[in-house]
Amino acid sequence: MNKKIRLAIFASGNGSNAEAIMKYFSQHSQIEVVLLLSNNADAFALERARRFTIPTFVFNKAQFRESDEVIRRLNESHVTHLVLAGFLWLLPPNLIEAFPDKIVNIHPSLLPKFGGKGMYGIKVHQAVKAAGETKTGITIHEVNEKYDDGKILLQASCEVLPSDTPESIAAKVNALEYEYFPKTIERWALSSSTPS
Ligand code: GRF
């Protein structure tokens, strides 16, 4: 019999992706969300987790970058996989080493386009519009020590019309995120978990 996969979600802000994930796995037989972590005590993602009665943990930069406190908290909840859903800080090496090949991120563009440091939220969609792109989308990928790098698990695209604004592009991209992120996490986590 396989042990349940235990996900921790990292989110810095609104947390609409975190919510889609918590909802998707709320009745799942093999996967559960056991913790939501944030670097931002005001993140609405924390409130969303509370509504799902999922424990939360807020940390500051020193705890994250210069200690093992976050890893200790993850181990305390027996977390097996990490999901970055709108999380804005680069992961420190100790965290990546503690969860090798067990960290996934979503980026709101078709990487390698419009990725890298400073490319997040509406800035990505503004850049897509300014570049005159005719399509954009999402990239779900494993995480390593660089921003928006790592093995690509899935890309999905949508059209960008001349009449689109950065906000309307964001709405299309969000819809793709909610549709594909939970089920891609499911497939990835189930294929990378070791039976016990
Ligand atoms: C999403 O577009 C995600 O792809 C990006 O940041 C946004 C976060 O939105 N990394 P939310 O916090 O999930 O609502």
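The values are calculated or read from the model by the stated rules, or taken from the named source; none is laboratory data. Note that this is a predicted model, so its numbers are computed, not measured. Quick reminder, even Gly has a Cβ in these numbers, built from the backbone with ideal geometry, and neighbours come from all protein chains shown. Heads up: the accessible areas ignore ligands, DNA and RNA and are worked out on the full protein's heavy atoms, side chains in. Shrake-Rupley method; radii C 1.70, N 1.55, O 1.52, S 1.80 Å.
For this structure, a couple of remarks:
- Sole exception among (1) open to solvent by 20 Å² or more (accessible area, probe 1.4 Å); (2) farther than 19 Å from residue 15 by Cα for residue 60, by number: (2)
- Total residues in segment 18-42, condition closer than 15 Å to residue 54 by Cα, of a type in the set (S, T, N, Q) and not in a strand (DSSP E or B): 2
- Taken as a whole, the structure places residue 140 among residues that are within 13 Å of the ligand (Cβ to nearest atom), under 30 Å from residue 62 (Cα atoms), at pLDDT 95 or above and touching a strand residue (DSSP E or B) at 6+ places or on another chain (Cβ under 6 Å).
- Residues in segment 1-20 that are of a type outside the set (S, T, N, Q) and away from the ligand (no atom under 11 Å from the Cβ) were compared, and the one that is most open to solvent (accessible area, probe 1.4 Å) is 1.
- Scope segment 21-32; condition crowded, with 17+ Cβ neighbours inside 10 Å and either within 13 Å of the ligand (Cβ to nearest atom) or of a type in the set (S, T, N, Q) (or both); matching residues: 21, 22
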